[in-house]
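Step one of this worksheet: look at the structure below.
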Amino acid sequence: MAIPPNRIGAGTKLAAFTVLLAAIFGMAAVAGGAIGPDRDGTREEGDAMAGHGEMASDSVRGLAVSEDGLELELQDAELERGRPAQLAFSIRGADGRPVRDFDVEHERRMHLIVVRRDGSGFQHLHPELGGDGVWRVGLTLPDAGAYRVFADFSKDGQARTLAADLAVDGEADYRPLPEPATTASTGDGYEVRISADSARAGEEAELRFTVSRDGRPVRTQPYLGAGGHLVALREGDLAYLHVHPEEHGDVLSFATEFPSEGRYGLYLQFRHEGRVHTAKLTRDVAR
Ligand SMILES: [Cu+2]
């Protein structure tokens with residue numbers, strides 16, 4: 001399952017925000033058509049990178065399944081479609097043993113993002129660490145296809161995102177991201193609106209979201225130590241950014257730096273009335 005580590009830049013911390021960026025390889029552009037989970041020989045790192053030739057190396061953490069001696073190891077890289085399963089994984093250190101001493105970040109020591117290669121089926125989970133050094137979490141994937149699993153954690157004060165592939169058997173029905181829009185529904189009664197300011201590659205952009213329900217503004221509740229969480233995934237290679245907002249209140253404002261031009265899927269998560277809601281929006285970033 002190992003994808004060779006492929007560093008494309010040194011990590012830097014952007015302002016006071018946690019901006020994690022993992023460039024994911026072995027995922028030739030979804031935009032170019034559906035790629036089956038078991039199609040081999042599609043690991044076109046060079047081509048994939050060429051398409052993002054001016055990727056700002058400073059903001060790219062450039063990591064895949066391993067980085068600086070830490071490696072994400074999924075115990076099982078295949079799940080049965082629609083069947084509740086337990087995903088088990090460990091983070092192994094340079095000595096090959098499971099790491100156990102993680103930092104608490106946003107109230108949890110491990111954040112796990114699971115998403116299908118086309119950006120559908122987003123899940124944000126919080127696994128539990130067992131005494132054996134293995135993280136476990138219940139996971140059901142209703143659709144077939146290739147998924148990316150992002151382990152988002154911090155160790156010794158250093159934020160990391162490692163990612164691995166997970167397959168669900170069957171014929172995958174991949175779809176492109178929806179066209180960009182300024183509003184999205186969470187599917188459970190909330191509407192999210194994004195400010196229309198343009199975002200440019202390599203420049204800090206402020207993304208502002210407002211949440212409403214039945215036409216009335218909603219003030220979100222703190223969720224995992226922040227007013228909201230935003231994950232951005234670049235279409236095609238699923239480069240990953242996780243950003244936290246500047247302020248609480250009626251407007252959730254995220255200072256985000258997109259590493260390159262292109263289309264991104266944005267996943268905004270907020271809490272209201274004790275429940276977590278997710279809205280998905282598409283955003284184009286200009287050169
Ligand atoms: Cu989390």
**OP:** Go through region 259-279 residue by residue and tally those that are under 14 Å from Ile113 (Cβ atoms) and more than 14 Å from the chain's Cα centre (by Cα).
**Re:** 1
**OP:** Tell me which residues, restricted to region 100-121, are touching a Leu at 6+ places or on another chain (Cβ under 6 Å), farther than 15 Å from Ala226 by Cβ and either within 13 Å of the ligand (Cβ to nearest atom) or hydrophobic (A, V, I, L, M, F, W, C) (or both).
**Re:** Leu112
Original post:
Within region 151-160, is even one residue under 19 Å from Gly265 (Cα atoms) and polar (S, T, N, Q)?
Top reply: no
Subject >> One residue from Gly138, Gly130, Gly157, Gly121 being surrounded by fewer than 19 Cβ atoms within 10 Å (Cβ to Cβ), modelled with pLDDT of 95 or more and under 25 Å from Arg97 (Cβ atoms) >> reply: Gly130
**OP:** May I ask you to verify whether Val115 is over 18 Å from the mean Cα position of the chain (by Cα) and either crowded, with 16+ Cβ neighbours inside 10 Å or of a type in the set (Phe, Trp, Tyr) (or both)?
**Re:** no
Subject >> region 122-140, subset closer than 15 Å to Leu166 by Cα and part of a loop (DSSP other than H, G, I, E, B), residue farthest from the ligand (Cβ to nearest atom) >> reply: Thr140
Subject >> Any strands (runs of 3 or more DSSP E) falling wholly within region 185-241 and containing at least 3 residues that are touching a residue at least 12 places away in the same chain (Cβ under 8 Å) and closer than 23 Å to Thr161 by Cβ >> reply: 204-213, 229-234
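The values are calculated or read from the model by the stated rules, or taken from the named source; none is laboratory data. Computed from a predicted structure; not experimentally measured. With ideal geometry, Cβ positions are generated from the backbone for all residues, glycine too; neighbour counts draw on all protein chains shown.
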